[in-house]
Amino acid sequence: MEQFHVAIDGPAGSGKSTISQNVSNETGWQHIDTGAMYRAVTYWALKLNLNLADENSYEFLNKIDIKYLNNKVFINDIDLSSVIRSDDVTQNVSLVSKFSFVRKKLVEIQQNLAKNKNIIMDGRDIGTVVLPNANLKIFLTANIKVRAKRRYNEKLNNGQNVNLDELINNINTRDKKDSSRIESPLKIADDAVIIDTTYLSIRQVVEKIIEMIERRRK
Ligand code: CDP
């Protein structure tokens, strides 16, 4: 049977990663978290102490090796999964990901990962740019309070210090940057199915998506 590509896009805290991972567990298809790759590049640029606002700084991407294997992101074979969710990375990732040089590099890797495979890929530009011919495109949304509360709970569970109002501000700022950038902004693909997850459980959203996959594969 022909390969099946699922593109899942949406703003921060809309549930993309959790839902994609659950759909991946049910289908047995690989989940690719493209946000993790933008975060890894941001982490590396911070580590190298580069001027993040200068696109030329990212030429280091020509000299490093980025891999995504078993839900983990590697640069030069170093697993960065445990360091890419820090506040420092989160606060800078939208700046890094607005540069077309950075996007071109990562989009190429993402498209190669999807070749000849069934996959679930989540991000901001999957349905619009990375996989424009995806068999199913989902755009997840939820109101800002619910999205911030989800992040708040995640951080509390990880033993991190959090302030809900600060989190709402940070998420709003990141959404604005991601939606207003010139290169591949976060936007709803014309043929995407929009799911508002504000009042839905993870299970309910996953079931909806599985149903859509089954219907489209018939
Ligand atoms: O999980 P969360 O929604 O917080 O973010 P993420 O998926 O880890 O993505 C982090 C950031 O990477 C986003 O805020 C975007 O700036 C950028 N990103 C992007 O530009 N394009 C993608 N396909 C995925 C992420």
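The values are calculated or read from the model by the stated rules, or taken from the named source; none is laboratory data. Owing to the predicted nature of the structure, the values given are computational and were not obtained by experimental measurement. Please note: Cβ atoms are built from the backbone with ideal geometry, for glycine as well, and neighbour counts cover all protein chains shown. Keep in mind that these areas ignore ligands, DNA and RNA; they rest on the heavy atoms of the full protein, side chains included. Shrake-Rupley method; radii C 1.70, N 1.55, O 1.52, S 1.80 Å.
Comparison of ASN170, ASN153 shows that the only residue that is at pLDDT below 95, under 17 Å from the mean Cα position of the chain (by Cα) and either within 12 Å of the ligand (Cβ to nearest atom) or not hydrophobic (A, V, I, L, M, F, W, C) (or both) is ASN170. Condition first: in contact (Cβ under 8 Å) with a residue 40 or more places away in the chain and of a type in the set (Gly, Ala, Ser). Can you find one or more residues in segment 144-160 that meet it? The answer is yes, given that some residue of segment 144-160 is in contact (Cβ under 8 Å) with a residue 40 or more places away in the chain and of a type in the set (Gly, Ala, Ser).
In segment 2-26, the qualifying residues are those that are more than 8 Å from the ligand (Cβ to nearest atom) and of a type in the set (D, E, K, R), and the one that is modelled with the lowest pLDDT is GLU2.
When we screen ILE84, ILE66 for residues that are surrounded by fewer than 19 Cβ atoms within 10 Å (Cβ to Cβ) and either within 15 Å of VAL41 (Cβ to Cβ) or among the basic types (Lys, Arg) (or both), the only hit is ILE66.
Matching residues to (1) in a helix (DSSP H, G or I); (2) open to solvent by less than 100 Å² (accessible area, probe 1.4 Å):
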residue	(1), (2)
ASP165	yes, no
ILE171	yes, yes
LYS177	yes, yes
SER184	no, yes
ILE188	no, yes
ASP191	no, yes
GLN204	yes, yes
ILE209	yes, yes
ARG216	yes, no
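Restricting attention to segment 16-32, report how many residues are in contact with a helix residue (DSSP H, G or I) (Cβ under 7 Å, 6 or more places away or on another chain) and open to solvent by less than 20 Å² (accessible area, probe 1.4 Å). Looking only at that region, the number is 4.
Matching residues to (1) closer than 20 Å to TYR43 by Cβ; (2) open to solvent by 10 Å² or more (accessible area, probe 1.4 Å); (3) touching a Gly at 6+ places or on another chain (Cβ under 7 Å); (4) assigned to a helix (DSSP H, G or I):
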position	(1), (2), (3), (4)
THR90	yes, yes, no, yes
LEU106	yes, no, no, yes
ILE109	yes, yes, no, yes
ASN112	no, yes, no, yes
MET121	no, no, no, no
ALA134	no, yes, yes, no
